[in-house]
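Chemist: One structure, pasted below without further comment.
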Amino acid sequence: MSNFPNHVTLVEVGPRDGLQNEKNIIPTAIKIDLINRLSQTGLKIIEATSFVSPKWIPQLADGAAVLAGISLQTDIRYPVLIPNLNGLNRALQAGAKEIAVICATTETFSQKNTHCSIADSLKRIQETLVTAKQHQLRVRGYISCALGCPFEGTVPPKKVLELATQLITLGCHEICLGDTIGIGTPLQATQLIQTLVPEIPIQRLAIHFHDTYGQALANIYACLALGISTIDSSIAGLGGCPYAKGATGNVATEDVLYLMNGLGITTGIDLDALISVSQFVAQFTGQPPRSKVTLAKTRI
Ligand code: MG
């Protein structure tokens, strides 16, 4: 287990990626309460909301109010997702200190998700990052469909490398590899990381896996073995997958933490505290927590 990290940073994406894919629109006060509760669990990075047009994502139309309402902790980072320069300007007004941008590996997904070609999405990112740099914001670059596309199928790791390299050149500090439809397997995840690491330091790579096909923890384990130490997860497994019917969404934070604890990898996060937050948010989504650990612990 020589390449396994001693410490892993979990990036909580429930309030943004999770809630944007939930059917129920959660009241602003509950979102703020959720983020404040997550801030008490030991998590150090919580993706708070997005500044995407409410026309596309009505669930997160209250991004500015959410950001303004959180009891910001000085040792916790609260990045927000930005679609374009207009979104960045709104986020800056709301006090955002850290952002994430997004692109996809296939033209079809790019059109469906960001309503433009891959080349145009990179142009938008370039324009956005010029301003982000002026404000010295830390920027994460998401790559959607890094392990497969619901429309175009298999995605060659070289395509992901090409995009990752461009995002780094444009000023992204970190690249987050999203298995948006949760279709990847450990072998594919391994091949992807092995393709990227000769060009991009592993410390700058993060993984964002979905459990649609039940592979998320296996994929995470495979990446840990290669030294990946930044992992996205979502409290209660919040978030579905709009392109895979009936699919479970993001891997649950509780389940990832249980795996880390079992491996003796430190995270600084308290499992019981997470489970309480998971049960809290489940009251408002109308769905039981999609975390096997939370379900098991609460059935006892
Ligand atoms: Mg996701």
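Chemist: For the stretch 129-139, just list the computed ³J(HN,Hα) in residue order, Karplus coefficients 6.51, -1.76 and 1.60, θ = phi - 60°, integers in Hz, with x standing in for Gly and Pro.
Modeler: Ordered by residue, 3J(HN,Hα) equals 6, 4, 5, 4, 5, 4, 9, 6, 7, 7, 10 Hz.
Chemist: Let me ask another. Read phi for every residue in the stretch 89-99 and hand back ³J(HN,Hα) as whole Hz from Karplus 6.51 cos²θ - 1.76 cosθ + 1.60, θ = phi - 60°, with x for Gly and Pro.
Modeler: Coupling constants for the stretch 89-99: 4, 5, 5, 4, 4, 7, x, 4, 10, 8, 10 Hz.
Chemist: Distance in nm between label sites at ASN36 and GLN203, each 7 Å beyond Cα in the beta-carbon direction?
Modeler: It is 3.6 nm.
Chemist: If you place +1 on the Cβ of every Lys and Arg, -1 on the Cβ of every Asp and Glu, and leave all else neutral, what size is the dipole of the stretch 132-181 about its Cα centre, to the nearest 20 Debye? Don't skip to the end; give the middle numbers.
Modeler: Values: 5 positive and 4 negative charges, 43 e Å.
So the magnitude is around 200 debye.
Chemist: From the square roots a ≥ b ≥ c of the eigenvalues of the alpha-carbon gyration tensor of the stretch 189-271, which class results: rounded (a/c under 1.5), prolate (a/b over b/c), or oblate?
Modeler: Oblate is the answer for the stretch 189-271, as a/c is 1.5 or above yet b/c matches or exceeds a/b.
Chemist: Okay, moving on. Over the chain, with a Gaussian network built from C-alpha contacts below 10 Å, which listed residue (CYS116, CYS223, CYS149) shows the highest mean-square fluctuation?
Modeler: Comparing CYS116, CYS223, CYS149 in a Gaussian network model of the chain, the most mobile one is CYS116.
Chemist: Sticking with this structure for a sec: State the answer as a single residue: which of ASN250, SER53, VAL8 lies farthest towards the positive end of the charge dipole of the chain, with beta carbon charges of +1 for Lys and Arg and -1 for Asp and Glu, about the Cα centre.
Modeler: Checked the options; the winner is SER53.
Chemist: What are the principal axis extents of the Cα atoms in the stretch 141-300, in Å, biggest first?
Modeler: Over the stretch 141-300, Cα extents along the principal axes are 47, 35, 28 Å.
Chemist: Calculate for the chain the 222 nm mean residue ellipticity that helices alone would give, adding -39,500 (n - 2.57) per DSSP H run of length 4 or more and normalising by residue count, nearest 500 deg cm²/dmol.
Modeler: The per-residue figure over the chain is -12000 deg cm²/dmol.
Chemist: Net charge near ALA104, counting Lys/Arg +1 and Asp/Glu -1 over other residues with Cβ under 14 Å of its Cβ?
Modeler: Working: positive: LYS112, ARG124, LYS159; negative: GLU107, ASP120, GLU152, GLU162, ASP179.
My count for the surroundings of ALA104 gives -2.
Chemist: Continuing with the same structure: For the stretch 122-183 and the stretch 74-116, compute the distance between their C-alpha centroids and round to whole Å.
Modeler: Value for the Cα centre distance between the two parts: 11 Å.
Chemist: Turning to a different aspect of this structure: Taking springs between alpha-carbon atoms closer than 10 angstrom, which of GLN40, GLN191, GLN136 fluctuates most in the Gaussian network model of the chain?
Modeler: Comparing GLN40, GLN191, GLN136 in a Gaussian network model of the chain, the most mobile one is GLN136.
Chemist: Also: With a Cα-only, solvent-free Debye model of the chain, what are the log10 I(q)/I(0) values at q = 0.11 Å⁻¹?
Modeler: Values returned for q = 0.11 Å⁻¹ are -0.58.
Chemist: Here's a follow-up. Of the trypsin sites (Lys or Arg not before Pro) in the stretch 216-300, which ones lie in a loop per DSSP and count no more than 10 other C-beta atoms within 10 Å?
Modeler: LYS245
Chemist: Follow-up. Evaluate the charge dipole of the chain about its Cα centre and quote only its size in Debye, nearest 20, assuming +1 on the Cβ of each Lys and Arg and -1 on the Cβ of each Asp and Glu. Can you show the working numbers first?
Modeler: Working: 23 positive and 22 negative charges, 62 e Å.
Taking the Cα centre of the chain as origin, the dipole is about 300 debye.
Chemist: Write down the percent of antiparallel bridges among all DSSP beta bridges whose residues are both part of the chain, to the nearest 5. Each step should come with its number before you reach the end.
Modeler: On the way: 2 of 32 bridges.
In the chain, approximately 5 percent of DSSP beta bridges are antiparallel ones.
Chemist: Let me ask something else about it. Could you work out the local net charge near SER234, counting Lys and Arg as +1, Asp and Glu as -1, over the other residues with Cβ closer than 15 Å to its Cβ?
Modeler: Details: positive: ARG16, LYS31, ARG37, ARG290, LYS292; negative: GLU12, ASP17, GLU22, GLU47, ASP179, ASP211, ASP232, GLU254, ASP255.
Every neighbour counted, the sum reads -4.
Chemist: Also: Residue farthest toward the positive end of the dipole of the chain, with Cβ of Lys/Arg at +1 and Asp/Glu at -1: which of GLN93, CYS149, TYR213?
Modeler: GLN93
Chemist: Averaged across orientations, what area in nm² does the convex hull of the alpha carbons in the stretch 76-177 project? Present the calculation step by step, with values, prior to reporting the outcome.
Modeler: Values: hull surface 24.7 nm².
The orientation-averaged projected area of the Cα hull of the stretch 76-177 comes to 6.2 nm².
Chemist: Follow-up. Order of 51-58, 89-96, 195-202, 103-110 by packing, highest average Cβ count within 10 Å first?
Modeler: Working: 51-58: 16.1, 89-96: 17.8, 195-202: 14.6, 103-110: 21.2.
Highest mean packing first, the order is 103-110, 89-96, 51-58, 195-202.
Chemist: For the stretch 1-148, state the average projected area of the convex hull of the C-alpha atoms over all orientations, rounded to one decimal in nm². Intermediate results must be reported in sequence, preceding the final value.
Modeler: Numbers: hull surface 41.1 nm².
Projected area, direction-averaged: 10.3 nm².
Chemist: Work out how much length GLN191 to THR298 would gain on full extension: take 0.36 nm times their residue separation and subtract the Cα-Cα distance, in nm to one decimal. Please list the in-between numbers first.
Modeler: Details: separation 107, 0.36 × 107 = 38.52 nm, distance 3.72 nm.
Roughly 34.8 nm would be gained on extension.
Chemist: Out of residues 5 or more away from THR49 or on other chains, whose amide H comes under 5 Å of its own, with H placed 1.01 Å from N in the peptide plane?
Modeler: Distant-sequence amide H within range of THR49: LEU81.
Chemist: Compute a Gaussian network model of the chain, connecting alpha carbons closer than 10 Å, and tell me which residue from LEU238, LEU271, LEU187 fluctuates the most.
Modeler: Ranking LEU238, LEU271, LEU187 by mean-square fluctuation puts LEU187 first.
Every number here is computed from the coordinates shown, using simple stated rules; none is lab data. Because the structure is predicted, anything quoted here is derived from the model rather than measured. In this analysis, Cβ positions are derived from the backbone assuming ideal geometry, glycine residues included, and neighbour counts consider all displayed protein chains.
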